[in-house]
Amino acid sequence: MPARILVIDDDAAFRDMLCEALVSRDFDPVGVGSAEEGVARAKAEAFDLVLTDVRLPGMDGIEGLSRIKEAAPESEVIVMTGYSAREKALDAVRLGAYDFFAKPFSLAEMEVVLRRALERRALLAELRQLKSAMAAGRGPVIVGQSPPMRAVVDMVRRVAPLDSTVLITGESGSGKEVVADAIQALSKRAETPFVKVNCAAIPENLLESELFGHEKGAFTGAVALKKGKFELANRGTIMLDEIGDMPLFLQPKLLRAVEQKQIERVGGAKPIDIDIRIIAATNQDLQSLVAQKLFRADLYYRLSVAAVPLPPLRERKEDLPLLVGHFLERIGPRVGVNLRGVSREGMQLLFDYDWPGNVRQLANLLERAAIMSAGEVLTAAEIGRALDSPARPVPAEAGPDALPEAAGNLRDTLQDMERNMILTALKKTRGSQKDAARSLGVSPKNLWNKIQKHRIDPAEYSA
Ligand SMILES: Nc1ncnc2c1ncn2[C@@H]1O[C@H](COP(=O)(O)OP(=O)(O)OP(=O)(O)O)[C@@H](O)[C@H]1O
Ligand SMILES: [Mg+2]
């Protein structure tokens, strides 16, 4: 959008000339002949910048400037002095004008100053937004005060306002999505689309058109043009979750999107420019995928410019009390109990556990314990029982009555079920991943990824 500029000058010929020059330089000017009129317009509509003469009939430009600054503090004002009135010009700067010109001035000179003023305005707007977002506590809370979590929050604050690509790594359930949400909420793109794609959840043969879209007739079944996630997220942010599952053949296309901000629809003849911020996340060790030639090194380096590694919960158990408090506060209303805490012995059990499923597992466990609990304080016995009874998969032939009480969030429950189904399959196949993959109906590579994600050791089942 071109910048809107209010031009205040009583010399109609000069004003028109200036407005024309501004239009030809891609600005959107509005000209008025008096400070009174200028103030009224500035009150009624938003201008990025005001260009005002000092000597005007009626209210002078200096008075006009301070009224405009009152009404619209975000507008930058630049003053033009017709006669060599440097004194007046300095007054103006003191009153908040960004700069001044002495007439006559060259249009080239003017353009440079205008652009600089607009840049400053954008920067200030960004800062204001960031501050208010933090003050309002908008965006998800990243709970944790341990040194590694402080480092994470620090990093989030630092990278959020930049437009650079971010790579979030960490074990399953360690909070990668929470961090991605925080980065988006604290960025200047907070109000623009945030599109999330789970690369592991989309079959390889559909992923390309899902991400990049396709032209009508690009392949059998492509009956209409379809925009991909990148185009849908234009001007906003895209989260590429489980980026480690991005098939090799698509990685060059992704690299181009990251590096040149250009995509091409399947069957498309020309590249499309996109304005996008990319957040990638994975629980896999990309470096080792690179070593195995399953992930392109150039893409890896490009993605990891700004990396946010999340520590697993077992390495920051001092966060347990805060996390427990945070989750009980949310679970209480859902189960209709005012949950006040976990007994000391119960807390000890939580400290002794090593949390392979990280924060998600903790949240699920507390919810299970709360459902089974009788009181407002969760006891060691209740915590212990919840630790021993992970959600069990339900046999397909069982009717809906056999389904467990639907509690908690769908995704977390599905993750639990996925883990259990894999464990059951591995038990049945005595640890053979190939057979387990077949019985689960997924590819061996897909199963391997999931085994890594859930930190399952198939060797345990080969006995
Ligand atoms: N630091 C945290 N503060 C508050 N809640 C958290 C934190 N970390 C994780 N959670 C909660 O734990 C659950 C799992 O977090 P999240 O979905 O972000 O994990 P993830 O790393 O993306 O996992 P996966 O690899 O399985 O996708 C969510 O319900 C989330 O709200
Ligand atoms: Mg996730």
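Scaled to the globular estimate 2.2 N^0.38 Å, the Cα spread of the chain, given as radius of gyration, is 1.30. Along the chain, the longest continuous region that contains none of the chymotrypsin sites (Phe, Trp or Tyr not before Pro) in a DSSP loop with at most 14 other C-beta atoms within 10 Å is 220-463.
How much of the accessible area of segment 4-121, probe 1.4 Å, is carbon plus sulfur, in whole percent? About 49 percent, which is the carbon plus sulfur part of the accessible surface. Applying 1/(1 + (r/R0)^6) with R0 = 41 Å to the Cβ-Cβ distance of K293 and K317 gives a FRET efficiency near 0.65. The relative contact order of segment 147-309 comes to 32 percent, based on Cα pairs under 8 Å that sit 6 or more residues apart. Entry comment: accessible area of segment 314-388 is 49 Å² per residue, from protein heavy atoms only and a probe of 1.4 Å. Note on K88: lysines with a C-alpha under 22 Å away, same-chain residues under 8 apart excluded, are K69, K103.
Seen against the Cα atoms of the chain and their longest principal axis, helix 444-453 is set at about 80 degrees. DSSP bridge analysis restricted to segment 161-272 gives an antiparallel fraction near 35%, rounded to the nearest 5. In loop segments of segment 18-57 as defined by DSSP, the GluC sites (Glu not before Pro) with at most 15 further C-beta atoms inside 10 Å of their C-beta are E45. As a test, work out the antiparallel percent of DSSP beta bridges whose residues both lie in the chain, rounded to the nearest 5. Roughly 10 percent of the DSSP beta bridges within the chain come out antiparallel.
Under 20 Å of direct C-alpha separation, and excluding same-chain neighbours fewer than eight residues apart, K226 reaches these aspartates and glutamates: E204, E208, E210, E215, E264, D273, D275. Rolling a 1.4 angstrom probe over the protein heavy atoms with all chains in place gives segment 4-121 an accessible area of 48 Å² per residue.
Pairs spanning more than 28 Å between alpha-carbon atoms, out of K176/K293; K188/K261; K229/K450; K229/K428: K229/K428. Within segment 4-121, the percentage of alpha carbon pairs spaced more than 16 angstrom apart rounds to 54%.
The values are calculated or read from the model by the stated rules, or taken from the named source; none is laboratory data. The shown structure was predicted, so the numbers you read here are calculated from the model rather than taken from an experiment. Glycine also receives a Cβ, built like all others from the backbone with ideal geometry; neighbour counts cover every protein chain displayed. Calculation scope for accessible area: heavy atoms of the full protein, side chains included, ligands and nucleic acids excluded. Shrake-Rupley method; radii C 1.70, N 1.55, O 1.52, S 1.80 Å.
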